[in-house]
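Working notes for the structure below.
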Amino acid sequence: MNTKGHYYPKYILLQAVYFKLRFMLSYRDVEELMKIRGVIVDHATIQRWVYKFASLLEAEMKNRKGRVGASRQRMSAQSLLIKAIANNYRPRVINIDKSGSNTVAIKVYNRRSFSKIKIRQCKYLNNIVEQDHRFIKWRIQNGIGFKSFESARRTLSGIEVVHMLRKNQMVGPRISMFKSFCKLAS
């Protein structure tokens, strides 16, 4: 992430962007937090930083997540399926999205356990567990809204990145969430 041409060092920019994306704060709240820390910055400047760097962080998150590999995703989908069946029961039908790793995991389970679990792939019949983007509605309900679609898209994508970090999808062992956020930006 290139921060050349900015008055403040990279760490200050990242901290302000992190505060906005991680916590339910307005831009003026972030401005006040930064002022407490000794950094005088306008809320409009913080908004421009979020607008600029949230999309860069999202691109870097997608880039790093792509490196994880399909086999690792398939193995984790398979272990989740086995755990879910062991804790509950063997279903007749499983509703999933178009994820290839889930499909392969169910087919492998069917072969190994000689069962006939049917796969129903439908975008709208997804399990409620997979719909974890509902937190965004909760995050934005206190705000005034966004002035433009592009501003909304970039801010929401940044919030999604921080939410993924919070769910430990990209955090290394014994690394704080803010440090992993900074690593993502480096």
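All of the numbers you see were taken from the coordinates with simple rules; none came from a lab. For clarity, every value in this text was computed on a predicted model and none was experimentally measured. In this analysis, Cβ positions are derived from the backbone assuming ideal geometry, glycine residues included, and neighbour counts consider all displayed protein chains.
Taking the highest mean first, how do the peptides 151-161, 84-94 order by number of other beta carbon atoms within 10 angstrom per residue?
Numbers: 151-161: 19.1, 84-94: 11.5.
Per-residue mean Cβ counts within 10 Å order the peptides as 151-161, 84-94.
Which of the pairs K52/K147; K20/K52; K52/K179; K62/K183; K20/K179 have their Cα atoms more than 18 Å apart in this structure? Walk me through the intermediate numbers first.
On the way: K52/K147 15 Å; K20/K52 13 Å; K52/K179 20 Å; K62/K183 14 Å; K20/K179 16 Å.
Flagged as over cut-off: K52/K179.
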